[in-house]
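The values are calculated or read from the model by the stated rules, or taken from the named source; none is laboratory data. Quantities reported herein were computed from a predicted structural model and do not represent experimental measurements. Methodologically, a virtual Cβ is constructed for each residue, glycine included, from the backbone with ideal geometry; neighbour enumeration extends over all protein chains shown.
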Amino acid sequence: MLATLKPVFDKDMSVQCYCVIAQRENVLKNIMLVGTESLDMAANILGLDIVNSLSTNTFDKNQKVIVNVNNIALFTDIESQVKISPDKIVLMLDGKMNPDEAYINRLKTLKNEGYTLGTSGVTKDNIKKLDPVLDLVNIVVIDDTEGDTAGKAKRIRDSYHNVTIMVSNVANLEELEELKDCGECEYYEGSFYTVPVSVKKHEVSPVKMTYLNLLNYVNSKDFDLKKASEIIGQDPALVISLMKKANRRARNSEITSIPNAAAMMGQVDLRSWAHTAITKELCADKPDALTRIALIRAKFFENIAGFFGLRGFSSELFLTGEFSVLDIMLDVPMQDALDKVHVSDDIRRVLTDHDGPLSPVFDFALAYEQGDWQYVDRELLVRNIKSDDIHNEYVNALQWFKEAFR
């Protein structure tokens, strides 16, 4: 089992839901699976396991999770497979459906039970055929790579006023802005929010430099807690975050000063807190998902280090994941961004040249994040790594991230 979560944004760049991208097992180990995607896990909803294992606490209150359901699984006992509230689930239908009476009745039943319905694969040739389905669904997905996205969205909205148009595979911010301007599309999925910065937009703000100074300081081998407290005290957001964290730990007594909070936590825990708190603040003027992607990458990189013979580099890999979007956090090219933090040559090399001893983990984890199962399958086979072991470490990273901001 392999599964990853991709964020879906609204026009204000807030995450509204997550798409589950999943694969049953390594295709390279079972060539019979090639070309059978429509029947993959026919009796089950592929990817639902990751949703059930995470529980609703992993997602914000109003966020939903999109899972693909094929035309066979639709008629199975979906209700017994879903372990969370139905109103958190979007069942994404296959556009290659035959919307007969039984199919439509099944959709009506699921909708009455609280599930949100969506569909992909709507074209000008099949839109009339899918009319009874489009009257029931809440979301219609259009693939931006197929072209004429705005035109398709308008044709669908002209006939079905109540549906939400979601565009998938949006490649960059320029395309995103064009789609926003057309006024027909509401949700967006793609790699546009992690496109590397190639041109320096402005100087890094003094506030962000304070965060970077603290991060550099706590990353030193044996830093002084009193000095760290002085740096933390320069920013109210960090002070509030630290005091909340320390008082949750204290339980029986209230911590009222920054030095006491730092002393109570100690070097290891203060360093861990600093990475999560500072990453959040560095991303404060960016989409919410950027904090999530930086820290989940960091933990996932660290978690899988041993599978690649790099267990001794787990700390460096954590930083590699965290700093993999540092250019976007600071609005400067990666080379310039790395000049402002203390990192090893190996980290610099992999983040600027995608090369060096850390690159196998970097390349694999990013492929996993994007659901590039062909690349992932090949690496798992060559390195004799079990799919379930990688999946478990990804889920562990998701759970760690949620706990970090509890």
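Looking across region 89-113 at every residue that is in contact with a Lys or Arg (Cβ under 8 Å, 6 or more places away or on another chain) and free of Cβ contacts under 8 Å to residues at least 40 places away in the same chain, the one that is nearest to VAL163 (Cα to Cα) is identified as ILE89. Scanning region 114-137 for residues that are more than 17 Å from ASP158 (Cβ to Cβ) and either in contact (Cβ under 8 Å) with a residue 60 or more places away in the chain or of a type in the set (Lys, Arg) (or both) yields a single hit, LYS129.
Within region 231-264, the residues that satisfy the criterion of being among the β-branched types (Val, Ile, Thr) and loosely packed, with under 14 Cβ neighbours inside 10 Å are ILE240, THR256.
Checking each residue in region 62-86 for being touching a helix residue (DSSP H, G or I) at 6+ places or on another chain (Cβ under 8 Å), among the β-branched types (Val, Ile, Thr) and surrounded by fewer than 19 Cβ atoms within 10 Å (Cβ to Cβ) picks out ILE72, ILE84.
Contact map, region 382-404: first residue acidic (Asp, Glu), second residue assigned to a helix (DSSP H, G or I), Cβ cut-off under 8 Å, separation 6 or more or different chains; pairs are ASP389/PHE307; GLU393/PHE300; GLU393/ASN303. Given the structure, is GLU184 surrounded by 19 or more Cβ atoms within 10 Å (Cβ to Cβ) and part of a loop (DSSP other than H, G, I, E, B)? Judged against the criteria, GLU184 is a match. Applying a threshold of 6 Å to beta carbon distances and a minimum spacing of six or more residues, or different chains, the list of pairs starting in region 277-300 at a residue that is over 15 Å from LEU330 (Cβ atoms) and ending at one that is buried (at least 21 other Cβ atoms within 10 Å of the Cβ) and among the acidic types (Asp, Glu) reads ALA298/GLU322.
Of all residues in region 265-309, those being surrounded by fewer than 18 Cβ atoms within 10 Å (Cβ to Cβ), aliphatic (A, V, I, L, M) and either touching a helix residue (DSSP H, G or I) at 6+ places or on another chain (Cβ under 8 Å) or in a loop (DSSP other than H, G, I, E, B) (or both) number 1. Within region 1-25, restricting attention to residues that are among the small types (Gly, Ala, Ser) and in a strand (DSSP E or B), the residue that is modelled with the highest pLDDT is ALA3. Looking only at region 133-180, residues that are of a type in the set (Lys, Arg) and crowded, with 21+ Cβ neighbours inside 10 Å come to 1 in all. Number of residues in region 87-106 that are in a helix (DSSP H, G or I) and touching a helix residue (DSSP H, G or I) at 6+ places or on another chain (Cβ under 7 Å): the value is 3. Within region 367-385, the set of residues being in a helix (DSSP H, G or I), out of contact with any Ser or Thr (no Cβ under 8 Å at 6 or more places or on another chain) and within 19 Å of SER168 (Cβ to Cβ) comprises ALA367, TRP373, GLN374. Residues of region 114-140 that are part of a loop (DSSP other than H, G, I, E, B), on the phi < 0 side of the Ramachandran plot and either out of contact with any Gly (no Cβ under 8 Å at 6 or more places or on another chain) or among the hydroxyl-bearing types (Ser, Thr, Tyr) (or both): TYR115, SER120, THR123, LYS124, ASP125, ILE127, LYS128, LYS129, ASP135, LEU136. Looking at region 249-263, I want the residues that are touching a residue at least 12 places away in the same chain (Cβ under 8 Å) and have a partner that is not in a helix (DSSP H, G or I) with Cβ atoms under 8 Å, at least 6 apart or on another chain. Which pairs are those? Close Cβ pairs satisfying both conditions: ILE258/GLY233; ALA261/ILE255. LYS386 fulfils the conditions (1) within 16 Å of ARG297 (Cβ to Cβ); (2) touching a helix residue (DSSP H, G or I) at 6+ places or on another chain (Cβ under 9 Å); (3) of a type outside the set (Ser, Thr, Tyr) except for a single criterion, (1). Taking region 314-342 as the range and being more than 17 Å from LEU295 (Cα to Cα) and either assigned to a loop (DSSP other than H, G, I, E, B) or more than 24 Å from the chain's Cα centre (by Cα) (or both) as the test, the residues that pass are ASP331, VAL332, PRO333, GLN335, ASP336, ASP339, LYS340, HIS342. Here LYS226, LYS221, LYS208 are screened, and the one residue that is under 25 Å from VAL325 (Cβ atoms) and either in contact with a Gly (Cβ under 9 Å, 6 or more places away or on another chain) or among the basic types (Lys, Arg) (or both) is LYS208.
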